[in-house]
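Down below is the structure, laid out as structure tokens.
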Amino acid sequence: MSSFRHVCIQLIRALLILWGAFTVTFFLLQMMPGDAVMVRFMDPELGLSPEQIEAMRVLYSGSSSPVFQYFHTILRMLHGDFGYSVQLGVPVRTLIEAALPVTLRLAVVGFILSLVWTLLIAIGASLLPARPLRQIFQAIPGFWSAIPLYWSGIFIIQVLSFKLRLLPVVGVGPWEGTILPALAVSLPIAAPQAKLLLQQIEETERLPFVMAIRTKGASQRSVFFRHILPNSVTPCLTMAGISFGELIAGAIVTETIFGLNGLGRLTRDAVSGQDVAVLQAVVMIGATGFVAANLVVDLLIPLINPSLRSSAGWKETSGS
Amino acid sequence: MKRFLPPGPESVVSIGVLAVFGLAILFPFTLTHSDPVTGVAKEHLLAPGWTHWFGTDQLGRDVLTRIVYGARETLPAALLATLTGVVLGAFIGGLAALSAPVVDAALSGIIDVLLSIPELLLALTVVILTGFGPVHAAIAVGISQTAGFARIIRNLVRSLRAMPYIEAARLSGTGFGGMIWWHILPNAFRPVLGLAVLRYSMAILSLATLGFLGYGAPPPTPEWGLMIAEGRDYLATAWWMTTFPGLALLTVAFATNRLSHAMTRTRGDQP
Amino acid sequence: MPVPAASPLRSLPAGLFALICALSMPGAEGHSQNRTITYLDPQEHTNLYPPAGGFYPNGGILSQITDRLTWQDPTTLEIRPWLATDWSMNEDDTEYTFHIRPGVTFSDGSPLDARAVAQNYQTYGKGNPALHFPVSEAISNFDRAEVIDPLTVRFHFTHPAPGFLQATSVLGSGIVSPGTLQRSFDELGTATNIIGSGPFVVSADIPGKEVDLSARKDYNWGPENRPARAKTDQIKILVVPEDSIRVGALLAGQADIIRQVEAYDEEQIRHAGYSLHAPSTRGVNTGIAFRPDNPLVADIRVRKALLHGTDRQEIVTVLYSENYPLARSVLSSKAAGFVDLSEKLKFDPVLAGQLLDSAGWRRGENGLRYKDGHPLRLGIHISLPHPQNKTMLELVAQQWRRLGVELDIMSGSAAGVLLDNLDPQRTPLTVSEVGRADPDVLKSEFFPKNRDALLQKGGQSNKVQHFQDETLNAMLLDIASRTDRAERLKQVVAVQEYLIDKAYDIPLFEEPQVYATSPNLTGLGFEAVGRPVFQNVELNRP
């Protein structure tokens, strides 16, 4: 019963956050200088007069007040209508439908890769025989989080695709085209996860029951895999939920470099063209991803390990 | 309880690296003698050699010189960004943690809303609203980091407040202000500083990203992100134009990161 | 709960490597005769309403899927038949009659007849406010279109329109089906909605990524140099914004044709045995135009000083290649009516210094020039579509700094740039260039009601205080309405001389569009302003 209530509260909270994100971006975007109609139609290639541009503006947005537009936009979005991209001349929905799968593929593959790196780093930092080697592995998260994403992306393309010709970057299938950018995006995502996991492992190692098992003569490896890792992984799940949202932001840079046409590219173009409808939609998708990831983590953690409380989640659950 | 711990070798190296960059910020002319913005057009796209250690760019400007002067652009701006984030975040987070549950819930809600908007997108929007340029970009990055700070500071202050000895101090009659001044601030200082240093390394990267996307300082400013962005078009013919600014960025971000790591570990070692 | 032992985790990297290797197999080079040809464009197309075809990516698509009434021979610039078999006009160029070639169909099967042509020109010449269609830049003084018989159409003009015949040959006058023009303007952002009569049909449009073209098997109404159907069945147009990726992909065999090759990459492309193509855009050269409304550049001595203080040869030598000829006038040397004004464009820093001194701009301690305590600091926005524009402006800034003038290179959001570019106080300078093979191009660039590069009072901007050059405007109008070709070209020469004598513009170089193709590809053609024509493109076995 109380868990049902917990779910309800979390759901309401999620909806409130979405509404808040919508409101904040709506008014931020309203405050921008100029508008998409201007960007689109003041193009000297079209040679339109100021009167004609004004006429276009009235035709596009009407001359209604921001408050009216605010409620109008909310209602429209609830019906799944994201409006029209003035810049590209297509419904935003069409753009999103084309772009979302690209970014989701990038996010999923990048995320899985980042989990792989995280585990490998944790294993290397805990089980490698020589201390200097372990220290190198411990430094990897810090190093990776210091790599500028666009910089590493450029080199990944040059070396893996053009020099070694492992994978083409243009004109490839959707999944093949995802591997290289996912590789680039996985490093900065893995870094904070790995850092947290290493910290947790260190803490778990000091727990009395681990010490007790060790004194019974269990091997380092079996202690690590049977006891330390399972007990350290849960808090990292919360982190993972947050990083998923960061993937969308990372996509802005990655997709620019790799020439993918996902949400990131869409966002970048919409920012420079001040395509408000597109930006609003992108923000809502990002916020939904963030909220959903957190919701899942928040609801899953008690199922996985009831004894642990979320330490980095959005809500400190009162002692269970 | 604030034991003095001698800095480990890692911190020493990190501080040394940052000191070199500090020198570049304060006295760039001690490290190089060329002009960072005016080149010799005839000597463009020269490979690294004795006269130009890091080569020259498309306008014949010395890449090393530009990196040295670039420290001036990126590093203080990142400091401004972090300060903006810390001050705003500490204010909102601290206020939330110390206020009544209703205020706390409202502020936490706002923090969550801001967290749910992708950081880079928020920064880009703020830059467009305030206009392009290094200072605006720095403030935009600071604002986009505020929510993250606010949440961590809120949780930190709350956990400190629940500590038995602080609870005891409160019950024994220490006033609200006294509690903050004598108990919470000293205890929060170190972890917040460690966090701020970590965030500083992230701010450097975020600022360079804005520069890379063209929202930062205008050309011919030797900003690292801008240098990487310009250099990437020449990658096949002049690899040094992208590689060296990237390495500079990597070095300073990594050094800052290790410093933060060392600082937070010291805290973790305490009982 | 026991966790599986280490082995599967250890084998992950090996597995990943195997996966990457396996996936890399289909990427290997395997050319075959009927392989789809891949074309990489740095930008994605926007709205494909034909009059918006001036934008390069739009032109790249429209020139494959639409035909025009006439064809302009890119070498002689002569107007030749295409969809129109012949034409005539009245004495004062206010009436044009075209006879349409019989048997031409749109790709949806509907006939291309006088009615369809009339509807196209009615829309291009007058716009359609109800559906948001703007007026075409290429057509002036349009009154109405009249259907004489199923294959004859007559256009009426309110004033003489001598430029109209050439205007029927430009990309912006591509003929689309009546159904296309019944859609709303917004729907034309999707390439599949554009139904033309060209050698290719758009088979798919993935926004921001890809446009697929397939050949029309029944096409046989091309202009004289390419009458028959396309030689390749499938063309894939991919959007790849990164310069280094386009070049890298071409050299790694991942693409066949790429657009916009920067001068610094030309050497490695040639070295690898690939071909470069650099058709001229033959219009107004890339240059820097002044906005004399701004007091800093209102003085002709300042403008002349900057004109003579710019080492144009250095710009071309350092940044560009032989595909970018040094400008000898405001107009391209390949444009009609070109006159060589090199003598008036000489680099002379001494003269420049004297001019600035005489205008009252004295050098301060930091080397910059000041007047009444104000520095000579001029703002300009980067114009992204032009090759290496940012670098070029940085080089100009470097040269001007020696004169004591500071060039302030600005950047901003798209809306900010537009607003700034309308305000002569913020942007006393702007980057100018238009590609169009007709003398009207001067009017397009400088006339207040058109692009208004100089920003005159009563033009595009309401921020202009007083600057207006009636002499120039009268000359420009004259070009657009003079019927005698020789007289018209004489006036074009006069305008070029006037623009340079007044130092309104610093012409820098003749802008080409540079393409690169793989060694075994032949048949890439170009229309008069450098847009690609894929009709005869084919891959041969190496």
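Some observations on this one:
- Other protein chain Cβ atoms within 10 Å, averaged over every residue that makes up C:203-210: 6
- Size descriptors for the protein assembly as shown (Cα atoms only): Rg and Dmax, in that order, 31.9, 110 Å.
- Close amide H contacts of A:TYR84 (hydrogens built in the peptide plane, cut-off under 5 Å, sequence separation of 5 or more or a different chain): A:VAL92.
- Per-residue average of Cβ from other chains inside 10 Å of B:102-115: 4
- Here the label points at C:GLU224 and C:ASN540, each 7 Å from Cα along the C-beta direction, are separated by 2.6 nm in the simple model.
- The helix-only estimate of mean residue ellipticity at 222 nm for the protein assembly as shown, built from DSSP H runs of length n ≥ 4 each weighted as -39500 (n - 2.57), is -16500 deg cm²/dmol after division by the residue total.
- Remark: mean inter-chain Cβ contacts per residue of B:247-259 equal 3, using a 10 Å Cβ-Cβ cutoff to other protein chain atoms.
- Note on the stretch A:145-206 and the stretch C:466-512: Cα centroid distance 56 Å, given to the nearest whole angstrom.
- For C:THR85, the residues 5 or more places off, or on other chains, whose built amide H falls under 5 Å of its own are C:HIS99, C:ILE100, C:ARG101.
- Taking the convex hull of the alpha carbon positions in chain C and averaging its projected area over all directions gives 32.8 nm².
- Spatial offset of the stretch B:145-198 relative to the stretch B:15-71 amounts to 44 Å, using the alpha carbon center of each.
- Rounded to the nearest Hz, the phi-derived 3J(HN,Hα) couplings of the stretch C:485-497 under the Karplus curve 6.51 cos²θ - 1.76 cosθ + 1.60 (θ = phi - 60°) are 4, 5, 4, 4, 5, 4, 5, 4, 4, 4, 5, 4, 5, where x marks glycine and proline.
- Coordinate range of the alpha-carbon atoms in the stretch A:127-174 per principal axis, descending: 45, 22, 21 Å.
- Here the Karplus relation 6.51 cos²θ - 1.76 cosθ + 1.60, evaluated at θ = phi - 60°, turns the backbone of the stretch C:389-400 into coupling constants of 4, 5, 4, 4, 5, 5, 5, 4, 4, 4, 6, 5 Hz, with x for every Gly and Pro.
- Exposure proxy for A:ILE179, B:ILE152, C:ILE258: other Cβ atoms within 10 Å of each Cβ, ordered fewest to most, give B:ILE152, A:ILE179, C:ILE258.
- Its relative contact order, with pairs defined as Cα atoms under 8 Å and 6+ residues apart, puts chain B at 24 percent.
- Cα extents of chain B along the three principal axes, largest first (Å): 76, 44, 27
- Kirkwood analysis of the Cα pair distances in the stretch C:190-319 returns a hydrodynamic radius of 19.3 Å.
- With a simple spin-label model that places each label point 7 Å from the Cα along the Cα-to-Cβ direction, the separation between B:LEU95 and C:THR522 comes to 7.5 nm.
- Over all orientations, the stretch C:274-321 has a Cα convex hull whose mean projected area works out to 5.0 square nanometres.
- In this calculation the C-beta distance from C:GLU267 to B:GLU43 is compared with R0 = 22 Å, giving a FRET efficiency of 0.80.
- Each Lys and Arg adds +1 at its Cβ and each Asp and Glu adds -1 at its Cβ; summed about the Cα centre, the protein assembly as shown shows a dipole of about 4640 debye.
- 5 angstrom amide H check on C:SER203, placed H, neighbours 5+ away: C:ASP212, C:LEU213, C:SER214
- For the stretch C:156-259, applying the loop criterion from DSSP together with a ceiling of 12 other beta carbons within 10 Å to the trypsin sites (Lys or Arg not before Pro) yields C:LYS217.
- With a Förster radius of 45 Å applied to the C-beta separation of B:THR30 and A:PHE143, the computed FRET efficiency comes to 0.95.
- Sorted on the mean count of surrounding Cβ atoms within 10 Å across their residues, most packed first, peptides A:268-276, C:471-479 read A:268-276, C:471-479.
- Ascending count of other beta-carbon atoms within 10 Å, so fewest first, for A:GLU205, C:GLU266: A:GLU205, C:GLU266
- Under the Debye formula (equal points on every Cα, no solvent term), log10 I(q)/I(0) of the stretch B:1-132 at q = 0.09 Å⁻¹: -0.52
- Selection of trypsin sites (Lys or Arg not before Pro), the stretch A:148-212, meeting DSSP coil and at most 13 other Cβ within 10 Å: A:ARG206
- Centroid-to-centroid separation of the stretch B:106-121 and the stretch C:176-205 [C-alpha atoms, Å]: 43 Å
- Whole-Hz couplings from phi, Karplus 6.51/-1.76/1.60, listed for the stretch A:112-128; x for Gly and Pro: 4, 4, 5, 5, 4, 4, 4, 5, 4, 5, 4, 5, x, 6, 9, 10, 4
- Loop sites in the stretch B:36-134: chymotrypsin sites (Phe, Trp or Tyr not before Pro), DSSP, at most 13 other Cβ within 10 Å: B:TRP50
- Proxy reagent accessibility, fewest Cβ within 10 Å first, across C:ILE500, C:ILE409: C:ILE409, C:ILE500
None of the figures in this text is laboratory data; all of them are computed from the coordinates on show. What you see is a predicted model, and the numbers here were worked out from it, not measured in a lab. Every residue, glycine among them, receives a Cβ derived from its backbone with ideal geometry; neighbour counts consider all protein chains shown.
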